[in-house]
There are 2 protein chains.
Amino acid sequence: MALIVQKYGGTSVGTPERIRNCARRILETQRAGNQVVAVVSAMSGVTDNLIKLAKEVSPERDPIEREMDVLLATGEQTTIALTAMAINALGGKAVSLTGAQAGISTDRVHTKARIVNITPDAVKQMLDEGNIVMLAGFQGETASGEITTLGRGGSDLTAIAMAAAIKADLCQIYTDVDGVYTCDPRVVKTAQKIQEISYEEMLEMASSGSKVMQSRSVEFANKFGVRFEVRNSMNNNPGTIVKEETPGMESVVVRGVSLERNQAKVTIDDVADRPGISAAIFGAIATANVTIDMIVQNVSFDGITDISFTLSGADLAKAETVLNAVLPTLGDKAKLRTQSSIAKVSVVGIGMRSHSGVAAKMFKALADAKINIQMISTSEIKTAVIVDEAEVENAARVVHTAFGLDA
Amino acid sequence: MALIVQKYGGTSVGTPERIRNCARRILETQRAGNQVVAVVSAMSGVTDNLIKLAKEVSPERDPIEREMDVLLATGEQTTIALTAMAINALGGKAVSLTGAQAGISTDRVHTKARIVNITPDAVKQMLDEGNIVMLAGFQGETASGEITTLGRGGSDLTAIAMAAAIKADLCQIYTDVDGVYTCDPRVVKTAQKIQEISYEEMLEMASSGSKVMQSRSVEFANKFGVRFEVRNSMNNNPGTIVKEETPGMESVVVRGVSLERNQAKVTIDDVADRPGISAAIFGAIATANVTIDMIVQNVSFDGITDISFTLSGADLAKAETVLNAVLPTLGDKAKLRTQSSIAKVSVVGIGMRSHSGVAAKMFKALADAKINIQMISTSEIKTAVIVDEAEVENAARVVHTAFGLDA
């Protein structure tokens, strides 16, 4: 008998019929001789409707965050009740638990709370009594009993954290794709499903544009050593196992190629090259809550330098506003230039640590395809380049082929 | 400074704009120098939608009741969050509490739980910190932390029970009518709003068809001496005060006239008049969960008697089925007759205790209008008659006039 945690996303439970399909799968898993905790998200569309209602009753200001959590938590509470009903109707035995009832304690940061502790006594007792436990994703409660939500990707986090707390044998993240692919199959038709991927690779894929999971859930799994599988709720295909690195993994140089569109570049030319300049620029950016990605500073010449960085295209206007305000302090000749319509292509793999020539191979593939590289950034297990947005799909394809990922 | 509990029903909070109207009223009440706890129901239509979803995921059986409570409780949780947001957006300070968070403990009878205890520490603390407390109606939790709901009229009960627990100075039940009327104004155009009514009269009005409030909330208010006011959330008119009986109240013989449609009558003719017969009949009815109203047994003749009783028309088929099964045990000649399309008209008033001739006056008014009386039932403060359904409105009008209630 294994102890299994499953997680079903909003699309998988988006209609009564889909809820019944999930109920059948959960029940089959239990009837195969396992104990099952199933984490569910709000039905797709429900959270957006609640946010719309919140804006309508609070047009003067952003809805107050404590109450936003009380409101949004109803979405998952609805799904656990409906799924538990469906399982009972199909002849099984299921009991629902909200985050609070399941002992998920968080800090007090409403709308993006962090899990600080899990007391899984109620979950264990209900499992031992023969129940399937339907657990509300995305939510917890503070030490003083206030409802909190965990922010984006919160239901994945609930599943992985509960799997760690109850020492589950298996954690399955059900979604609407078959697993993690070597590249987005809509872009690269020859993309292959990855059988196994390390936490670090998964993290780099997530942070460089792969949409399968939020980084924080993968970080949490890494920290607590929770092995999990990403798989499809609509079929029985095996998915992708995400786990700690094993020696054999390094034989693959590049695990996957990810792409991130709608990037923008800001260049500040002719900046005085003296201490405090970078602090002035990135301090201003930080106060505007803008996240930046790559940063490149050219070699100084005559006490003058250039600084470039990339950011999401959606944040460009905000960044320009704050930078124009500090520009006069950056030197007499400092000028601001911006470029939108750029994109990032990254290759990721822990094999890079022990294999040289990855960057050179990538650059040659792009050069052969006459794609211009505008910026380069590397980390231990990732090499990323900025190209023109119009060329990003072609760039992903030629790089995917160059590293032998098509087969 | 007064401590006020207000309750707003589903129609009063049925749209974002109506929620903002309630928020304004609640905030005005606080700004007039009071502490306010506001109990809200689910937005109108929400509960029905949830019940529909529950039936869709559980077509094989009635949705399991524990989960029905988890599901339905989201309706009020949504409203408390939205109303608290609206109050905050309007410049006030409000905090929402679910039934569980507010310390409302119930028994374990899911979907119709009874309140066993209220620990209002959280409510008091939040009030003392200057907050308006938005309290979810209709819900509580068991000693072991399971979510329960209180059944029909549950939000009124929440308001009255919390008013008792925190020793509120005033409890206002906001609805979509101006108060309790001497009769349904849609039937009797000259019906008047009642300024004050005793708990007992309110109870008799409720149990004889007046739809303003469920009996159990009035009984609770009576038991704990909670004086409350029924008033309209759409205007500022004074409502009806419901309170303990005062000496002056007896000067009014009849407080109001109520009518109840869709009744049915069952007669069992030629029943053997021996011990155990009534138990057999009404035991069978009870096992079918059918509530009966009036019972009349004729004087026995030659060891044979007739028994008649009334019940809701909706329950008639169910009652016939169980009675046909026991009929052979009721005597050789026992026969079943049924009649639907009847209705009940009642006059209610604590003044009846000290004034004679109420029944006679009622019967004369009906006779003058050529309305036939089919059954009669009396209690200390109520006289009720069964008439043909087609005549019930005319009956209510002539009785209303006869007791001087038109002016």
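The values are calculated or read from the model by the stated rules, or taken from the named source; none is laboratory data. Source: prediction; values computed, not measured. So basically every Cβ, Gly included, is an ideal-geometry build from the backbone, and we count neighbours across all protein chains shown. Each accessible area value is taken on the protein alone, full model and side chains, heavy atoms only, with ligands, DNA and RNA left out. Shrake-Rupley method; radii C 1.70, N 1.55, O 1.52, S 1.80 Å.
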Inset, instruction - Evaluate E = 1/(1 + (r/R0)^6) for A:Thr378 and A:Asp169, where r is the Cβ-Cβ distance and R0 equals 30 Å; express this FRET efficiency to the nearest 0.05. - result: 0.20
Legend entry - Overall dimensions of region A:3-176 as given by Cα atoms, namely Rg and Dmax in Å: 15.5, 54
Inset, instruction - Enter the Cα centre distance for the pair region B:56-77 and region A:222-265, rounded to the nearest angstrom. - result: 37
Legend entry - Label-point gap, in nm, between B:Asn34 and B:Asp128 - each point 7 angstrom along Cα→Cβ: 2.2
Legend entry - Solvent-accessible area buried by A and B, counting both chains, probe 1.4 angstrom, square angstrom: 3200
Legend entry - Length gained when the stretch A:Arg274-A:Thr246 is fully extended (0.36 nm per residue, less Cα-Cα span): 5.5 nm
Inset, instruction - Report the local net charge at B:Asn232: Lys and Arg +1, Asp and Glu -1, summed over other residues whose C-beta lies under 14 Å from its C-beta. - result: +2
Legend entry - For chain A, convex hull volume per residue from C-alpha positions, Å³: 165
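Given a Förster distance of 56 Å, report the FRET efficiency between B:Met1 and B:His355 from their Cβ-Cβ distance, rounded to the nearest 0.05. The partial results should precede the final answer.
Working: r = 42 Å, r/R0 = 0.76.
In this case the efficiency is close to 0.85.
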Legend entry - Percent antiparallel among DSSP beta bridges (both partners in region A:3-176, rounded to 5): 25
Inset, instruction - Hydropathy first: keep DSSP H helices in chain B averaging at least -0.5 on Kyte-Doolittle, then drop any whose Cα extent along the axis falls short of 30 Å, and list what survives. - result: B:65-89
Legend entry - Cα radius of gyration and Dmax for region A:257-402 (Å): 16.5, 48
Legend entry - Within region B:78-190, percent of DSSP bridges classed antiparallel, to nearest 5: 55
Inset, instruction - With runs of 4+ DSSP H residues as the only contributors, calculate the mean residue ellipticity of the protein assembly as shown at 222 nm using -39,500 (n - 2.57) per run, divided by the residue total and rounded to the nearest 500. - result: -10500 deg cm²/dmol
Inset, instruction - Any of A:Lys52/B:Lys55; A:Lys52/A:Lys382; A:Lys193/A:Lys364; A:Lys211/A:Lys318 with alpha carbons more than 30 Å apart? Name them for me. - result: A:Lys52/A:Lys382
Inset, instruction - Using a 10 angstrom cutoff on alpha carbons, build the Gaussian network for chain B and name the most mobile of B:Ile173, B:Ile381, B:Ile285. - result: B:Ile285
Legend entry - Most fluctuating residue given options B:Ala191, B:Ala159, B:Ala334, as computed from a GNM of chain B linking Cα atoms under 10 Å: B:Ala334
Inset, instruction - List the relative contact order of chain A as a percent without decimals, with contacts defined as Cα pairs under 8 Å and 6+ residues apart. - result: 14
Legend entry - Coarse-grained scattering of the protein assembly as shown at q = 0.06, 0.09, 0.10, 0.11 Å⁻¹, given as base-10 log I(q)/I(0) from a Debye sum over alpha-carbon atoms: -0.55, -0.98, -1.11, -1.24
Inset, instruction - For peptide B:88-94, compute the average count of partner chain beta-carbon atoms within 10 Å of each residue's beta-carbon. - result: 4
Legend entry - Ratio of Rg to Rh over region B:189-347 (Cα coordinates, Kirkwood Rh, two decimals): 1.10
Legend entry - Gaussian network model of chain B, springs between alpha carbon atoms under 10 Å - residue of B:Ala113, B:Ala86, B:Ala367 with greatest fluctuation: B:Ala367
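Quick one: net charge around A:Val271, please, counting Lys, Arg +1 and Asp, Glu -1 for every other residue with C-beta under 10 Å from its C-beta.
Here the count lands on -1.
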Legend entry - FRET efficiency, 1/(1 + (r/R0)^6) with R0 60 Å, evaluated for B:Arg61 and B:Asn298 via beta carbons: 0.85
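When the accessible area of region A:3-176 is split by element with a 1.4 Å probe, what percent falls to carbon and sulfur?
48
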Inset, instruction - Would you mind telling me the share, in percent, of accessible area of region B:257-402 contributed by carbon and sulfur at probe 1.4 angstrom? - result: 51
Inset, instruction - For B:Phe301, tell me the accessible area in Å² from a 1.4 Å probe, rounded to the nearest 10. - result: 150
Inset, instruction - Identify all aspartates and glutamates with a Cα-Cα distance to B:Lys265 below 20 Å; exclude those on the same chain that are fewer than 8 residues away in sequence. - result: B:Asp293, B:Asp306, B:Asp315, B:Glu320, B:Asp388, B:Glu389, B:Glu391, B:Glu393
Legend entry - 7 Å along Cα→Cβ, label-point gaps from B:Arg337 to other copies, nm, shortest first: 10.3
